[in-house]
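These notes are about the structure you will find just below.
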Amino acid sequence: MKRSWITLFVLIFSSFFASQVQSSFGKVSVQSIKIPTQNGQWLVADLFKPITATSKNPAPAVIVVPGFQRSKETLSNVSIELSRRGIVVFNIDPYAQGGSSSSFSRRAATTEGYGMFALVEYLYNTSNINYVDKNLIGSFGHSAGGLAAIRGAQYFGKRSKKLSKDSELHSVFVSGMVRMGFKEKDIKHIESNVGLSYALYDEGSWQNELKNGDMTRAPEALNLVRHQVADSSISKIEIDSFYGKLKDRNLTVVHNEKVLHPMQPYLFEPMKNQIDFFLKTFNIDQSIVATNQVWHWKEFFTLIALVCSFLLIVPFAKFLIQLPYFRSLSNPIPTPIPKPSGQGKVIFWATIALSTLIASVSFIPMSELSKTLFLDASTRRQTWFFPQRMNNAIMLWAIVNGSIGLILFYLNYYFFGKKSNIKPKMWGIDISKYDLLKTFALGAVIFAGYFILLNVVYYLFHVDYRFGFIGARTFRPITLLLIPMYMPLFFIFFLSNSLRVNGAMRFEGTSEIKNLFFNSLITASGLILILIVQYSCLWLTGTVFWKEGWLYVNQLYAVVPIMLALPFFQRKFFNMTGKAYLGPIAMTLIFIMILLSNTVSYYPI
């Protein structure tokens, strides 16, 4: 109990210091805002307002647009660095992500800038936001957010030509996107300063015209620079060199950092390039140099908070199970099964190899199948029928692998376990209906406790638990309606994993910690193998192995940590109850809510 209070204190302490870094230790006010937009839609954003920005001293503003699958918190680092340099930042949740509404457009990034267009127009036309210099409004976006940024430059540029006035969007910085929005027919409308940053090792670079991430002769980048400086003779781009003139609003630079696509927003060099661009285009001379960055400290503290939040789950469950109502769920730990030997050992390793292979080869086919089974979500239509495009793919994978895991578990017992005197009672599956219902109730209370604490922390400090794009965040209440839809299907995998960890792979005479690390590796091995194949192919050939499904593979960055942590919780709950059910129930609820709140959701408006 003492360690639990210390852990809670560390969580609160870390969240406090994360909020201090986020607010530049009181020099920047950070708050959430909600703006009504077109068609009954709405946009949620974090407003980073430096105290130096006033009606008498209006400051430049930048609208930060996260990419596909990302919420505003994933780009708080950009907001921190710009705001501490005196720039007002509006860090938005793109449409259908985070707290913002869905969109009636199936191409929201292109036609609405994920909501950025409406926000630019509001800032430019309202007298309410009187601390923003209306002539210095910019936008930054990564990946699909980068598409929103360049489309914004084209949208407002086209309108400025028609009205014979300056574009409302003074400067845009596009990160991680050249595949769309850089054709000559689109580029010709731009009337803004433009920065372009593209990862040399971008996993999606096979979609570019030259099929690689090198921007020196990329037609997309050449189209941009040629238009900006009105010089069609340029045949090679000088990376990191500025073209054009600020006074003509055609200042342009192309960066080509040696990084991967998902890592681009979280490394020092790309961040430096982004900061330098806006300091230059907004003509901010006396400021903190771009190499002076503090955002990583916020990531460090929220990572500690994330770890501590997980460490508190088991002590909280132990406290609950001591209450009179739940006390009957505490049972003796069943006897471990004997170590496999002889033919059983061969079968054991063969089963592991087979399940790893199936987990690896089934992911992309299930991702493709999800596009057919869940057509509305896959085509970005508003729907209540499994509205989460990316999680639908993970769910199908979980159903297949969970079901196969249960089948292999039973077959191994039927043909070999019986001969080794293994009894079903060793698995902890015998339970009364009443205790099973109480186990579900206990799992629900653990789930509620986890997210209530998260909401309290967010209310107090305006930070959640995360490291980069991996994190537990607050969610809209409407997301709770998805639990009855997604949980039963995900539960198949979590129950299968619990039986594997606590039944088939809990051996007598084996160190528990070694056994848990082994289970952790085996649980995640199939997905890790996918990443190994994907990036080995990228390293050896310059092109990823799975092209069409590369976005689904990138989704595994958030899923693999969950798979690695899962067996530890399965075993802790098993030791607590002597049964195989509390772990799958509690962790299905917690982990799928983390997945459900960190992805696109095409809820009907």
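The values are calculated or read from the model by the stated rules, or taken from the named source; none is laboratory data. Source: prediction; values computed, not measured. For neighbour counting, all protein chains shown are included, and Cβ atoms are generated from backbone atoms with ideal geometry for every residue, glycine included.
Annotations
- When the criteria are applied in full, residue 486 meets the requirement of being assigned by TED's automatic domain parsing to the domain that holds residue 344 and closer than 24 Å to residue 526 by Cβ.
- Verdict on residue 157 being in the same structural domain as residue 244 (by TED's automatic domain parsing), touching a Gly at 6+ places or on another chain (Cβ under 9 Å) and not polar (S, T, N, Q): no
- Flag for residue 500 being among the basic types (Lys, Arg) and closer than 30 Å to residue 204 by Cβ: no
Every residue, every condition in (1) loosely packed, with under 15 Cβ neighbours inside 10 Å; (2) closer than 21 Å to residue 368 by Cβ; (3) at pLDDT below 95, yes or no:
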residue	(1), (2), (3)
461	no, no, no
492	no, yes, no
496	no, no, no
504	no, no, yes
511	yes, no, yes
550	no, yes, yes
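- Condition met for residue 590 (surrounded by 19 or more Cβ atoms within 10 Å (Cβ to Cβ), within 25 Å of residue 374 (Cβ to Cβ) and touching a helix residue (DSSP H, G or I) at 6+ places or on another chain (Cβ under 9 Å)): yes
- Residue tally, condition of a type in the set (A, V, I, L, M), surrounded by 20 or more Cβ atoms within 10 Å (Cβ to Cβ) and over 17 Å from residue 281 (Cα atoms), over the stretch 154-207: 4
- With respect to (1) within 30 Å of residue 307 (Cα to Cα); (2) outside any loop (DSSP other than H, G, I, E, B); (3) modelled with pLDDT of 95 or more, the lone exception for residue 3 is condition (3).
- The single condition among (1) more than 25 Å from residue 401 (Cβ to Cβ); (2) in the same structural domain as residue 549 (by TED's automatic domain parsing); (3) among the aromatic types (Phe, Trp, Tyr) that residue 326 does not satisfy is (2).
- Close pairs (6 angstrom Cβ cut-off, 6 or more residues apart or separate chains): at negative phi and in the same structural domain as residue 509 (by TED's automatic domain parsing) in the stretch 335-355, assigned to a loop (DSSP other than H, G, I, E, B) and surrounded by 12 or more Cβ atoms within 10 Å (Cβ to Cβ) anywhere: 336/506; 337/422; 348/340
- Options 191, 203, 209: the member that is in contact (Cβ under 8 Å) with a residue 24 or more places away in the chain, farther than 26 Å from residue 268 by Cα and part of a loop (DSSP other than H, G, I, E, B): 191
- Restricting the search to helices (runs of 4 or more DSSP H) fully inside the stretch 230-344 and requiring at least 2 residues that are among the polar types (S, T, N, Q) and surrounded by 15 or more Cβ atoms within 10 Å (Cβ to Cβ) gives 268-281, 295-311.
- Residue within the stretch 242-249 that is farther than 27 Å from residue 85 by Cβ, aromatic (Phe, Trp, Tyr) and assigned by TED's automatic domain parsing to the domain that holds residue 137 present: no
- Residues satisfying the stated conditions in the stretch 552-570, i.e. more than 16 Å from the chain's Cα centre (by Cα) and either surrounded by fewer than 23 Cβ atoms within 10 Å (Cβ to Cβ) or among the aromatic types (Phe, Trp, Tyr) (or both): 564, 565, 568, 569
- Qualifying residue in the stretch 400-408 (condition: under 15 Å from residue 552 (Cβ atoms), among the aliphatic types (A, V, I, L, M), assigned by TED's automatic domain parsing to the domain that holds residue 531 and crowded, with 19+ Cβ neighbours inside 10 Å): yes
- Matching residues, the stretch 93-135, being in a helix (DSSP H, G or I) and among the acidic types (Asp, Glu): 112, 121
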